[in-house]
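Any read-out appearing in this document is the output of simple, stated calculations on the displayed coordinates, not a laboratory observation. Model, not experiment: these values are computed from the prediction. Cβ: placed from backbone, ideal geometry, glycine included. Neighbour counts: every protein chain shown.
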């Protein structure tokens, strides 16, 4: 990860935490800020240790045996890509849904998992699957899933603590207090969280393009996006930010409130990467 990307991430997470503490201080002074800090630490500890198992259970993911004859080409592809990425091969899980998609989860390279759907394996070519797996391994390498989960946890906890202060205090409140509790603070937290998740998707695309063909990943993104538009997934959308493409939304939401960058922009960037790579190869060959 570049220094600028790391700095941006630290700033955004810092802003999210500061907003969380500021709400506590505004409504209950130092005691409220201490309560907010304790809540943030507790919820992030839960996210750190249990988010991977929770997400896998939420989507009914089942671990795929490396010796299984079903989709037997998947584990060798993942093992080869993990070696190129310089990380341990994570276990791979299967989600039995016809919607093509994939996600990674886990707190570190040693405690990670990659999940793919039945629809992805049956819709995409092996090269496109390779591009998707490369993207997910980039998430694992840079601990993106941990960062995204903690950001989502803080954003959600801010709403919870706002309700706690509201119902736990009978003092008369101004209209600004209502706006801060139920509109402004949660909205700001959500925007910061979404900014974090969108930036990590761009970085994962770039990282995936370094260990697989960027054109294959671009093609996979187009196919997955088209499938989501035709038939969005049904179910719990709490983990939508983890998927390579949001599987629960087919509407053209404003990029400001989207968990992912527009697929068209991601595809364009990947194609530009491929052109640049070819230009460099041509120049080196001369």
Fill in: FRET efficiency for residue 57 and residue 210, using Cβ-Cβ distance with R0 set to 30 Å, rounded to 0.05
0.40
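Sort 142, 135 so that the residue with the fewest other Cβ atoms within 10 Å of its own Cβ comes first and the one with the most comes last.
On the way: 142 20, 135 28.
Ascending Cβ contact count within 10 Å gives the list 142, 135.
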Practice prompt. Determine, from the Cβ-Cβ distance of residue 234 and residue 31 and an R0 of 35 Å, the FRET efficiency 1/(1 + (r/R0)^6), rounded to the nearest 0.05.
Written response: 0.20
